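Reading through the structure tokens given below for one structure.
Throughout, read-outs are computed from the coordinates displayed, never taken from laboratory work. Fair warning: this is a prediction, and the values are worked out from it, not measured in the lab. Ideal geometry is used to build each Cβ from the backbone, glycine not excepted, and the neighbour counts take in all protein chains shown.
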Amino acid sequence: MAYFGEYFYTLDASNRIILPSRFREPLGSEIILFKANEGCLFIYDMPTFEQITAPLAAMTKTDAGRQMVRRFYSDASPASLDRSGRLVVPADCIEHASLKDDVVVLGAGNRIEVWDKAAYEASVGDKAALGFDAYPEISF
């Protein structure tokens with residue numbers, strides 16, 4: 001499934017955020033939170049995470065490769081949704097993504113991203129100014 005759309009939520013006092021209902025079933029019961037380089041969190045369903053990490057197995061033949069694999073997996077955390085579709089975000093993930101009250105949950109193809117709203121707006125800029133020319137690979 002391709003995840004898409006932009007949703008605005010609030011991080012509650014128990015460090016939970018709601019995920020859009022259309023994302024919940026495809027995610028399944030095993031979810032991976034990943035601390036992304038962009039200063040946000042990536043959320044993967046387990047089959048997708050296993051697919052994107054499969055090439056890492058070949059890297060474990062050298063000391064440098066094993067160190068890279070350790071670093072990569074140290075940024076991943078297992079997670080699950082409660083019955084209300086809320087995701088409890090671990091404190092280290094909140095700190096990494098600088099999540100405060102307002103968060104943006106967006107679909108980004110094979111993953112879901114969680115951003116602090118202000119950081120997301122600073123990163124994306126004025127989307128309206130881009131227009132369709134920003135996507136030359138796609139015929140609208």
Problem set entry | 12 Å beta-carbon shell around LYS117, net charge (K/R +1, D/E -1) | -4
For this session: Give me GLU38, GLU95 ranked fewest to most by other Cβ atoms within 10 Å of their Cβ, as a rough exposure proxy.
Result: GLU95, GLU38
For this session: Among ALA91, GLY65, ILE112, flag the residue with its Cα farthest along the positive direction of the charge dipole of the range 6-134, charges on Cβ as +1 for Lys/Arg and -1 for Asp/Glu.
Result: GLY65
Seminar exercise, completed: Of all lysine pairs in the range 6-134 that are eight or more residues apart or on different chains, those with Cα atoms under 21 Å apart total 4
Problem set entry | For the range 75-91, Karplus couplings with θ = phi - 60° (6.51, -1.76, 1.60), whole Hz, Gly/Pro x | 8, 10, 9, x, 8, 8, 9, 7, 5, 8, x, 9, 10, 7, 9, x, 4
For this session: Can you run the Rg to Rh ratio on the chain? Use alpha carbon positions and the Kirkwood inverse-distance Rh.
Result: 1.00
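Given a Förster distance of 22 Å, report the FRET efficiency between MET1 and ASP82 from their Cβ-Cβ distance, rounded to the nearest 0.05.
Step by step, r from the Cβ atoms, then E = 0.55.
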Problem set entry | GNM flexibility winner over the chain from TYR44, TYR120, TYR73 (Cα, springs under 10 Å) | TYR73
Seminar exercise, completed: The farthest towards the positive end of the charge dipole of the range 1-52, of the residues ASN15, THR48, ALA36, given +1 on Cβ of Lys and Arg and -1 on Cβ of Asp and Glu, is ASN15
For this session: Using per-residue counts of other Cβ atoms within 10 Å, averaged over each peptide, order 54-66, 107-119, 6-18 from highest down.
Result: 107-119, 6-18, 54-66
